[in-house]
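Visitor: Here it is, the structure, as structure tokens.
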Amino acid sequence: MGQFLQQLINGIQIGSIYALIALGYTIVYGIVRIINFAHADIFMVGAYMGFFLAPVMAKIFGGAFIPTIIAAMLITGLLGFVMEKLAYRPLRYKSRLSALITALGVSIFLENFCAMPFIFGPNFRKFPDLIVAKNIPIPGNLGLNISNVLLLDVGVSVILMVLLFWFVNKTLIGKQMRAVAFDKPTASLMGINIDIVISAAFIVGPALAGAGGILYGTTYGMLASPFLGIWPGLKAFIAAVLGGIGNIPGAVLGAYIMGISEAFATSVNSNLGYGIAFAILIGILLVRPSGLLGKFMPEKV
Amino acid sequence: MATIIAFVLVYVVIKSLNLTGILNAYYIQLIILAGINIVMTVSLGMVNGFTGQFSIGHAGFMAVGAYTSAMITTVWLHASTANPWVGYPVFIVAILAGGLLAGAAGYLVGAPSMRVKGDYLAIVTLSANELIRTVIRVTDVLGGPRGLGGIPKFTTLEVVFVFAIVSVVLMRNYLFSSHGRSMKAIRDSEIAAEATGINTTRQKVFVFVFSAFFAGVSGGVFAHLLQFIHPDNFSFMKSLEYLIYLYVGGSTSISGAIVGPAIFTLLPELMRGLQSWRMVIYPLILILTMIFRTEGIMGLKEFSFILIPQRQRKEVSA
């Protein structure tokens, strides 16, 4: 029982990080219908920003965590904005396949460029302790192991999700985003500036990934190399697809399913934990081809 | 006929340069890799370029072929490769078996996933690739995460030459047959293709299996070149490489699928001074190609030796 609960908790923790990344995939996909493969590398940049900014922030503000996460979100948001302007905008009216290939190209470029010695370097880095990890004693004898890092991960991602819901549902630009996601030509006829909406999507999504990167660094305490984004990014992407890509609650649901199933599978065999995500995805897509909460759109002639 | 003479000449030139020592073993290895990459890319192009589906897990099928053929040759030959008369038939059987098993894997992936379209198909193929890799990693007989070594070396320049030419000719003939025309119809408009009586699902699954077969055979040839294979050789990243080759070369032309991998496999030599910048420049080339020449280097053009010569039509006497 204790073992079961422990794995469930671990799953929720990793699921929260996946959720932040998955939201970015889903927002961008909902607006421009591009699978932004470079999102995983924006997550990586976010994590490295934590590494570089934390000492500076600690000096300026005293505490490091909150200023670092905000600064990282701003930088990754800016990176997303620039990326869209340079790489995706010229392709907007070309085939979607070429946009997809470009996204792959941007992803490989970011990874290898950041691995250059004068950027982040290819080496292992120890992530600074933004908060001091402590175990929180749990009453009862289940042997549960809950740290304050875990609470932080879940707390920060829930706060950001709530903010995102507020942004998408209540603000003007959020409403415009939903309109564009629903029907782009009509939205533009209603006077919505598509360029601004797309830029907004490419700022909000990457900013969430940046926050995810900081949480990742805090949780694991290390940054392996600038290629570290690939697998968490892929898992989060699969989570977004699992929930129905383009659907915001779906991405969160998918991320938690992914995190929890991965935690359980990893407790059996670490290689299995790696593969389970893909098996679940194939299984679900065969039953529901547009994901758990996705709408099935019939093709019209 | 002229084409055959041209290929023989190319082979003679490469071989004589090798024998005179101008091209050392490293260059020969690069040329062999280019040959394997060409077959992989052309087979990927059949699905992505000519049928308009988006498969991004081609390395998975390569892995199936590589492991199957490597298991067959290592078990059967016990690394006793002294006698080529025994070795080569076993090798041919092994790579064909690898191809067939990869084709079967392609059927397992393709048959159900052709129900999902576009981006979702991409994700299913990606997952299939990683799933195949996970299965290899947890299977101890296949070496698991340690990799599989001790594979006899059968892949020589001659083998790759014959293999690449035969595979490309087979795929070309398929693409220029009526099947190929239905594939292009599906790419241009699936609904219209269906309306003209093409069984689109069957056609797509068949192309997928055919393409997986060639990926498997290339995997076999690849395994017998490196003599050691590891599940990480066949990760999603490997699939991405082939996508880059294909789309830079030009996905809607066989020549493009030949030019792309040839350039990218031999390019590191041309920019030896930029060694560490290589993987920064590759993706930039890809992005710039997509922005300024979306159709790839070759576009819709084909080299003349790819095209099937028009047969002289006999006058029908009344």
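Visitor: Taking the stretch A:82-94 as the region of interest, how many residues are within 8 Å of chain B (Cβ to nearest Cβ) and not hydrophobic (A, V, I, L, M, F, W, C)? Explain how you work it out, then say what you get.
Guide: Taking the stretch A:82-94 first, the residues within 8 Å of chain B (Cβ to nearest Cβ) are A:87, A:90-91, A:94.
Now restrict to residues that are not hydrophobic (A, V, I, L, M, F, W, C): A:90, A:94.
Here the count works out to 2.
So that you can scan it fast, the table gives a plain yes or no per residue for (1) assigned to a helix (DSSP H, G or I); (2) more than 14 Å from chain A (Cβ to nearest Cβ); (3) modelled with pLDDT of 90 or more:
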{"residue": "B:Val42", "(1), (2), (3)": "yes, yes, yes"}
{"residue": "B:Met46", "(1), (2), (3)": "yes, yes, yes"}
{"residue": "B:Ser55", "(1), (2), (3)": "no, no, no"}
{"residue": "B:Gly60", "(1), (2), (3)": "yes, no, yes"}
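Visitor: When the residues of the stretch A:216-237 are filtered to those that are within 11 Å of the chain's Cα centre (by Cα) and not in a loop (DSSP other than H, G, I, E, B), which remaining residue is nearest to A:Pro289 (Cα to Cα)?
Guide: Looking only at the stretch A:216-237, we keep the residues that are within 11 Å of the chain's Cα centre (by Cα), and these are A:216, A:229, A:232-237.
Add one more test, that the residue is not in a loop (DSSP other than H, G, I, E, B), and what stays is A:216, A:232-237.
Details: A:Tyr216: 31, A:Pro232: 23, A:Gly233: 21, A:Leu234: 19, A:Lys235: 18, A:Ala236: 18, A:Phe237: 16 Å.
So the residue we want is A:Phe237.
Visitor: Here's something else I'd like to know. Out of A:Ala72, A:Ala133, report the one residue that is within 22 Å of A:Gly213 (Cβ to Cβ), modelled with pLDDT of 90 or more and either in contact with a strand residue (DSSP E or B) (Cβ under 6 Å, 6 or more places away or on another chain) or more than 14 Å from chain B (Cβ to nearest Cβ) (or both). Please lay out each step first, then the result.
Guide: Working: A:Ala133 fails: modelled with pLDDT of 90 or more.
Selected residue: A:Ala72, the only one of A:Ala72, A:Ala133 that is within 22 Å of A:Gly213 (Cβ to Cβ), modelled with pLDDT of 90 or more and either in contact with a strand residue (DSSP E or B) (Cβ under 6 Å, 6 or more places away or on another chain) or more than 14 Å from chain B (Cβ to nearest Cβ) (or both).
Visitor: While we're here: Looking at B:Val135, B:Val124, which is the one that is buried (at least 21 other Cβ atoms within 10 Å of the Cβ), of a type in the set (A, V, I, L, M) and within 8 Å of chain A (Cβ to nearest Cβ)?
Guide: Values: B:Val135 fails: buried (at least 21 other Cβ atoms within 10 Å of the Cβ).
After applying the criteria, what remains is B:Val124.
Visitor: Being over 23 Å from B:Gly35 (Cβ atoms) and either under 19 Å from the mean Cα position of the chain (by Cα) or not in a helix (DSSP H, G or I) (or both) is the filter here, so list the residues in the stretch B:121-146 that pass it. Before you say what the answer is, go through the steps one by one.
Guide: Start the filter on the stretch B:121-146 by keeping residues that are over 23 Å from B:Gly35 (Cβ atoms), which leaves B:121-128, B:130-146.
Correct list: B:Ala122, B:Thr125, B:Leu126, B:Ala128, B:Glu130, B:Ile132, B:Arg133, B:Thr139, B:Asp140, B:Val141, B:Leu142, B:Gly143.
Visitor: Right, something else. Wholly within the stretch B:196-306, which helices (runs of 4 or more DSSP H) include no fewer than the required count, namely at least 1 residues that are within 28 Å of A:Phe278 (Cα to Cα)?
Guide: Numbers: elements: B:200-226, B:236-249, B:254-270, B:278-292.
Because the criterion is at least 1 residues that are within 28 Å of A:Phe278 (Cα to Cα), the helices (runs of 4 or more DSSP H) in the stretch B:196-306 that meet it are B:200-226, B:236-249, B:278-292.
Visitor: Take the conditions within 11 Å of another protein chain (Cβ to nearest Cβ), surrounded by 16 or more Cβ atoms within 10 Å (Cβ to Cβ), of a type in the set (S, T, N, Q) and under 30 Å from A:Ile12 (Cα atoms) and apply them to A:Ser157. Does it pass?
Guide: On the way: within 11 Å of another protein chain (Cβ to nearest Cβ): no; surrounded by 16 or more Cβ atoms within 10 Å (Cβ to Cβ): yes; of a type in the set (S, T, N, Q): yes; under 30 Å from A:Ile12 (Cα atoms): yes.
In short, no.
Visitor: Where in the stretch A:1-85 are there helices (runs of 4 or more DSSP H), lying fully within it, with 2 or more residues that are closer than 17 Å to A:Val197 by Cα and among the aliphatic types (A, V, I, L, M)?
Guide: Working: elements: A:2-32, A:39-61, A:65-83.
Result: A:2-32, A:65-83.
Visitor: What's the total number of residues in the stretch B:2-32 that are exposed (fewer than 10 other Cβ atoms within 10 Å of the Cβ) and under 30 Å from B:Ile308 (Cβ atoms)?
Guide: Adding up the residues that qualify gives 2.
Visitor: Quick one: what pairs do we get from the stretch A:95-119, first residue more than 7 Å from every other protein chain (Cβ to nearest Cβ), second of a type in the set (Lys, Arg), C-beta under 9 Å, 6+ apart or different chains?
Guide: A:Arg96/A:Arg33; A:Ala99/A:Arg33; A:Ala99/A:Arg92
Visitor: Output the residue which, of all residues in the stretch B:232-248 that are out of contact with any Pro (no Cβ under 7 Å at 6 or more places or on another chain) and not hydrophobic (A, V, I, L, M, F, W, C), is nearest to the other protein chains (Cβ to nearest Cβ). Don't jump to the end; show me each part of the working.
Guide: Of the stretch B:232-248, the ones out of contact with any Pro (no Cβ under 7 Å at 6 or more places or on another chain) are B:232-244, B:246-248.
Adding the requirement that they be not hydrophobic (A, V, I, L, M, F, W, C) leaves B:232-233, B:235, B:238-239, B:241-242, B:247.
Details: B:Asp232: 12, B:Asn233: 16, B:Ser235: 9, B:Lys238: 12, B:Ser239: 10, B:Glu241: 9, B:Tyr242: 11, B:Tyr247: 5 Å.
Per the stated criteria, the residue is B:Tyr247.
Visitor: Residues in the stretch A:278-297 that are more than 8 Å from chain B (Cβ to nearest Cβ), part of a helix (DSSP H, G or I) and either in contact with a helix residue (DSSP H, G or I) (Cβ under 9 Å, 6 or more places away or on another chain) or not small (Gly, Ala, Ser) (or both): how many?
Guide: Narrowing the stretch A:278-297 to residues more than 8 Å from chain B (Cβ to nearest Cβ): A:280, A:283-284, A:287-288, A:291-297.
Right, trim to part of a helix (DSSP H, G or I) and you get A:280, A:283-284, A:287.
Next, only the ones that are either in contact with a helix residue (DSSP H, G or I) (Cβ under 9 Å, 6 or more places away or on another chain) or not small (Gly, Ala, Ser) (or both) stay: A:280, A:284, A:287.
Within the stretch A:278-297, residues that are more than 8 Å from chain B (Cβ to nearest Cβ), part of a helix (DSSP H, G or I) and either in contact with a helix residue (DSSP H, G or I) (Cβ under 9 Å, 6 or more places away or on another chain) or not small (Gly, Ala, Ser) (or both) number 3.
Visitor: Also, I was wondering about something else. Just give me the residues in the stretch B:276-318 being of a type in the set (S, T, N, Q) and at pLDDT 75 or above, in sequence order. Give the derivation first.
Guide: Going through the stretch B:276-318, the residues of a type in the set (S, T, N, Q) turn out to be B:276, B:289, B:294, B:304, B:310, B:312, B:317.
Result: B:Thr289, B:Thr294, B:Ser304.
Visitor: Tell me, please, whether a residue that is at pLDDT 90 or above and among the small types (Gly, Ala, Ser) can be found in the stretch B:67-78.
Guide: Within the stretch B:67-78, one or more residues are at pLDDT 90 or above and among the small types (Gly, Ala, Ser).
Visitor: Okay, next question. When the stretch B:147-167 is examined, which residues are found to be buried (at least 21 other Cβ atoms within 10 Å of the Cβ) and assigned to a helix (DSSP H, G or I)?
Guide: B:Val160, B:Phe163, B:Ala164, B:Ser167
Residue-by-condition table, conditions (1) farther than 20 Å from A:Met177 by Cβ; (2) free of Cβ contacts under 8 Å to residues at least 40 places away in the same chain:
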residue	(1), (2)
A:Ile238	yes, no
A:Gly244	no, no
A:Ile260	yes, no
A:Gly275	yes, yes
A:Ala279	yes, yes
A:Leu292	yes, no
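Visitor: Being touching a Phe, Trp or Tyr at 6+ places or on another chain (Cβ under 9 Å), within 14 Å of chain B (Cβ to nearest Cβ) and outside any loop (DSSP other than H, G, I, E, B) narrows it down to one residue among A:Ala209, A:Ala240; which is it?
Guide: On the way: A:Ala209 fails: within 14 Å of chain B (Cβ to nearest Cβ).
So the residue among A:Ala209, A:Ala240 that is touching a Phe, Trp or Tyr at 6+ places or on another chain (Cβ under 9 Å), within 14 Å of chain B (Cβ to nearest Cβ) and outside any loop (DSSP other than H, G, I, E, B) is A:Ala240.
To keep it simple, each residue is scored yes or no on (1) outside any helix (DSSP H, G or I); (2) touching a helix residue (DSSP H, G or I) at 6+ places or on another chain (Cβ under 7 Å); (3) β-branched (Val, Ile, Thr).
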position	(1), (2), (3)
B:Leu17	no, no, no
B:Leu30	no, yes, no
B:Ala34	no, yes, no
B:Gly52	yes, yes, no
B:Trp76	no, yes, no
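The values are calculated or read from the model by the stated rules, or taken from the named source; none is laboratory data. On a predicted model such as this, the values are computed, not experimentally measured, just so you know. Because the Cβ atoms are built from the backbone with ideal geometry, glycine has one as well, and the counts that use them run over all protein chains shown.
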